[in-house]
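Where a number appears in this text, it was derived from the coordinates with a stated rule and is not lab data. Keep in mind that this is a model prediction, so the values were computed, not measured. Positions of Cβ are generated from backbone atoms using ideal geometry, with glycine treated the same way; all protein chains shown enter the neighbour counts.
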Amino acid sequence: MQKSPIPTSNLRDLFAAHPQVIAAWLFGSAHTGRMRADSDIDIGVFFAVPPTLDEWLSLHADLQDAFAFEDIDLVILNGKSPILRFEAISGQRLYCRSREELATFASLT
């Protein structure tokens, strides 16, 4: 895949339609503009409560449709290591439902 910007402007409504999503970030090579043919798109999501498998699959499918790209790495940030959480929140924030909950999450990272 050639180096090109990842379209993210249409994602606000997508994440808003998933009520358990508190915040989401684009990170990794898609964020830095260093995607290759074998790259995936890394999306880190902080949920109010960890999602069920059905909720995760629904969000994953919606992101595949939005990006028109199959290889989406949808990372549930709840309970992940501080290093992975920091890497994700250092990327491009795509959505924030609650600044208070986001601040609490970030302070633990």
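The figures follow:
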item: Phi to ³J(HN,Hα) by Karplus 6.51 cos²θ - 1.76 cosθ + 1.60 over region 70-75, Hz, x for Gly, Pro; result: 7, 8, 9, 9, 8, 9
item: Sparse-neighbourhood loop sites, GluC sites (Glu not before Pro) in region 1-108 - DSSP loop, at most 12 other Cβ within 10 angstrom; result: GLU70
item: Summed residue charge, Cβ within 15 Å of PHE105's Cβ, Lys/Arg positive, Asp/Glu negative; result: +2
item: Matching label, Kirkwood radius over Cα pairs in Å computed from the structure shown, candidates (1) 16.5; (2) 14.5; (3) 14.0; result: (3)
item: Mean-position separation - Cα centroids, region 7-28 and region 39-109, in angstrom; result: 8 Å
item: Relative contact order computed over the chain (Cα-Cα under 8 Å; 6+ residues apart), in percent; result: 36 percent
item: Residue-count net charge about GLY44 - beta-carbon cut-off 12 Å; Lys, Arg +1, Asp, Glu -1; result: 0
item: Net charge of neighbours whose Cβ lies under 14 Å from the Cβ of ASP62, counting Lys and Arg as +1 and Asp and Glu as -1; result: -4
